[in-house]
Structures are given as C-alpha cells and as structure tokens.
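Below is one structure, written out as structure tokens; the observations come after it.
The values are calculated or read from the model by the stated rules, or taken from the named source; none is laboratory data. Please read these numbers as outputs of a predicted model, since none were measured by experiment. Cβ: placed from backbone, ideal geometry, glycine included. Neighbour counts: every protein chain shown. Heavy atoms of the whole protein, side chains included, go into the accessibility calculation; ligands, DNA and RNA do not. Shrake-Rupley method; radii C 1.70, N 1.55, O 1.52, S 1.80 Å.
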Amino acid sequence: SAKSDTPPSGGEPAVKRPKVDAEGSTKLPPIQISKSKSWDAEHTPKTPTERSERIRRFIEDQQLLASQSIPTAATPYVMETPKLSDAQRMKILITGGAGFVGSHLVDKLMMQGHEVIVLDNFFTGNKKNVEHWMHHPNFSLVRHDVTQPILLEVDQIYHLACPASPPHYQYNPVKTIKTSTMGTLNMLGLAKRVKARMLLASTSEIYGDPTIHPQPESYWGNVNTLGPRACYDEGKRVAETMMYAYKNQNNVEVRIARIFNTFGPRMHPNDGRVVSNFIIQALQGKDITIYGDGSQTRSFQYVSDLVEGLVKLMNGSYEGPVNLGNPDEYSIKDFAEEIKAMTKSDSKIIYLPKVADDPTQREPDITTAKKELGWKPEVHVKEGLAKAVTYFQSVLDQHGEIVPTGPEASKPKGAAGK
C-alpha cells in the first residue's frame, strides 16, 4: 500500500520524497519565482542620463582608489600616490614586506608612485600592516616563502625577509639559516635573471659582541659561531658573502644595509625586544625587566629614518656595506628609566640574569652613510618613543592585556598589533 506523508503521532514530519517516473528520472517540483521586484530591477538606471551618471561616478571612485590608501584600523590615515610615467615607474619587490620595517618601506615606495609587490610568508608579518593598499592597482601581495624560488619581473629587490627578534629567530634556527641563505640565493638568482638591483637588509648583529666602539663597516666582528644567536648572525654574514659573490661573478648590482636597532609603529608587541617590552610593561604597570645589570648599551633609530636610508642606498651609486642606525647611545637601564618617565608608569625596574651572548655595547659609526648617501637620522629618540607609546597604547586598547615575550626562543604570539 502507498505510504502516507503524515507523521506518526508525536513524531517528526516524514521526509517527502520526489516522484520518480517510469524511466527512473526524478521529477522535482517547479521553482517558485518571487513576484516582488528584485534589487537589480529597483536600482537599474532607467534613462541614458542615469546610466551615464552612474558610469561617471564609478570611474571617479576608481580614480580615487588608484590615487591614495584607504584608512584602516591599523593605519587610520590617507597616503596619496602620484602618477608616474611608464619610464619613471619601477616594479619593486619587497620580501618580508608585510612586516614591521617592510610595511613602512611599502608606504614610502607607494607614495613615490612605484608598483610594489610584497612577498611574505606571514611568520612575523601581518596583512594588517599593508591592508590599506590592498585595493590599489599598483600594489600586489603574494603569500610565499623565500626559501622557495619564484619567477617575477621586477626592477629592484629589497630583501628584508627574516625574523629579526632574538626570540623569534631562535624559535626555528634551521629555518632562520635557510631564510638567510636559500632565501638570499633565490633572490639573487631572480636579480641575475631579470637584471634587477638587489638590496640586502643585513644587521648590526654581524658585529657580534664588538671589541671596537663605535662599529665601522670595516670591522670584521666578534661572533660566537655556536651560540644561540649564531643562526641569525652567521646567516646574515654568509648572505653578505653571497651578495658580493654574485656581484663579482655575475655582475649583479647589489647594496647592503647593516641595520641597527629600529623601533616605531607596527612593531610586534611580543617580539621580546627592548623597546616593545619596556613600553608594554610600563603601560600595563608591570615590572620592567632588564636582563643583566643594565650597563649594556644600544642605539635606537626611528623607522622612518631607516626607510629613508634604505631608499637612498638602493638608488645611490655606493656598492659597499653601509651602517644605518642612530649613534645616540643609551644604557639599557637609562632607557628603561626614560620610558617609565614618559609613560608616567608606577612599574618597578627589576634585574634578571643576563642573556647568553648579549652584546655589551652597540653603536653605529655612520660616517659612510653621511658621506656616500647624505643620510643621517632626523627623528630624535624621545620624539620617536612618544609615537611608539601612542601606537602600543592603541594596541592595548584594542586587544587587552599583552604578556611580553622573554629572552627564550618563542613563536610569534597572537594577532595583536602584528
């Protein structure tokens, strides 16, 4: 007998099965189309004048989007981009371009009117740092690891890819070495193929725990090849070697920037470095932790100064390595006191055991940068710190409590401020 579609008493409604014809084909009920007006019908221009006006507004919107950045929560202001002729506009690749320094370099080059391609695997970088350019026709973002080859057509390569914070680069030391070696080889291979000029973001860490103070580019360094920082220090040293090998053997145009401590907005609040840790701790009223007795010294430059130096080095004629840093030297203890006073914090300054291979002093000799690039820092440390404090306060307001990273190896945490 035929089965009824009526549900048994107290049970769930029976499933209504579609009818099947003699050939076994399923007959589905006809689709019911709503009689109400669709959104398209209501908003479709009805006259040629309305259509022309809509097209005009669309073109204006596209032109506006192609002339500036869009304000975002991470970058709540507008940056304008000029139009360059094809002869003037370059295609520029930035590896690690979604990171702290890289994203500021993106801003600089976009505001000069160039076409920028960012390559990043997002280990320490974050899309938030560049999302204000995502709509722009001159900007492209590629998720890619530089340890793998890539084929692109570019005029210049800024090779910034590599974790720069000790806890982050010590988290996976083998990967850190691969990034500095295989990654640099891949970028040099690309530069050779397309005849692009390449700049390597090297580091003051190649000087190790220096015995010469301040450190000139001619100093060969004092590095422990087996220490916890060696994966980064030695990786950058061999990357420099590879740069000049490609220059001498294959005529690749190369530039090398030895970057000293840099700070500013878009720093990762959990990178474990002095500026971020001290400010985050002070703003939250937590103990400000110094590893060692605080007598070790550092020099701090604001990120906009570094970016200016990188662009001048890339576009200049000088081919030797160049120190980019601020010679204004602070002891770690004095720096902690400065931040505590600036934030009006009640935090206590406490001293913990010294970190292995932590350099006792670090200050750049920038004679070469002044002579060859006409570059020197313009932003005073206190002025830069005020901007950094404002940035980190906004990160805390948005994401709540942040627990600073200690000196031990650590994977980047969370998305706050990245």
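Some values worked out for this structure:
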item: Strands (runs of 3 or more DSSP E) contained in segment 102-165 and holding at least 2 residues surrounded by fewer than 18 Cβ atoms within 10 Å (Cβ to Cβ), within 15 Å of the chain's Cα centre (by Cα) and not small (Gly, Ala, Ser); result: 139-143
item: Any hit, segment 52-75, residues being touching a Pro at 6+ places or on another chain (Cβ under 6 Å) and either of a type outside the set (Asp, Glu) or farther than 23 Å from residue 150 by Cα (or both); result: yes
item: Any pair with Cβ under 8 angstrom, 6 or more apart, that starts in segment 272-284 at a residue that is over 11 Å from residue 401 (Cβ atoms) and basic (Lys, Arg) and ends at one that is open to solvent by less than 10 Å² (accessible area, probe 1.4 Å) and part of a loop (DSSP other than H, G, I, E, B); result: 273/165; 273/267
item: Filtered residue count, segment 68-101, keeping only those that are of a type in the set (Phe, Trp, Tyr) and either under 28 Å from residue 169 (Cβ atoms) or open to solvent by less than 60 Å² (accessible area, probe 1.4 Å) (or both); result: 1
item: Any hit, segment 18-35, residues being in contact with a strand residue (DSSP E or B) (Cβ under 7 Å, 6 or more places away or on another chain), modelled with pLDDT of 85 or more and surrounded by 10 or more Cβ atoms within 10 Å (Cβ to Cβ); result: no
item: Matching residues, segment 195-231, being under 26 Å from residue 123 (Cβ atoms) and surrounded by fewer than 16 Cβ atoms within 10 Å (Cβ to Cβ); result: 224, 225, 226, 227
item: Test for residue 354: is it basic (Lys, Arg), surrounded by fewer than 22 Cβ atoms within 10 Å (Cβ to Cβ) and in contact (Cβ under 8 Å) with a residue 40 or more places away in the chain; result: yes
item: Counted residues, segment 43-70 - those being among the aliphatic types (A, V, I, L, M) and assigned to a helix (DSSP H, G or I); result: 4
item: Close pairs from segment 119-134: first farther than 8 Å from residue 98 by Cβ, partner among the hydroxyl-bearing types (Ser, Thr, Tyr) and open to solvent by 10 Å² or more (accessible area, probe 1.4 Å), Cβ under 8 Å, at least 6 apart; result: 128/72; 131/72; 132/72
item: Set 406, 414: member being loosely packed, with under 13 Cβ neighbours inside 10 Å and either of a type outside the set (Val, Ile, Thr) or at pLDDT 85 or above (or both); result: 414
item: Criterion violated by residue 376 - all others in (1) buried (at least 18 other Cβ atoms within 10 Å of the Cβ); (2) touching a helix residue (DSSP H, G or I) at 6+ places or on another chain (Cβ under 6 Å) satisfied; result: (1)
item: Segment 195-226, residues that are aliphatic (A, V, I, L, M) and within 25 Å of the chain's Cα centre (by Cα); result: 196, 198, 199, 200, 201, 206
item: Pairs, first outside any loop (DSSP other than H, G, I, E, B) in segment 74-97, second of a type in the set (Asp, Glu), C-beta under 9 Å, six or more apart; result: 91/115; 91/153; 91/155; 92/115; 92/155; 93/155; 94/120; 95/120
item: Residue within segment 389-403 that is open to solvent by 50 Å² or more (accessible area, probe 1.4 Å), at pLDDT below 95, in a loop (DSSP other than H, G, I, E, B) and under 23 Å from residue 74 (Cα atoms) present; result: yes
item: Considering residues of segment 318-331 that are at pLDDT below 95 and in contact with a helix residue (DSSP H, G or I) (Cβ under 8 Å, 6 or more places away or on another chain) only, the residue nearest to residue 308 (Cα to Cα); result: 328
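Let's see how each residue does on (1) within 23 Å of the chain's Cα centre (by Cα); (2) open to solvent by less than 30 Å² (accessible area, probe 1.4 Å):
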{"site": "234", "(1), (2)": "yes, no"}
{"site": "241", "(1), (2)": "no, no"}
{"site": "270", "(1), (2)": "yes, yes"}
{"site": "298", "(1), (2)": "yes, yes"}
{"site": "305", "(1), (2)": "yes, yes"}
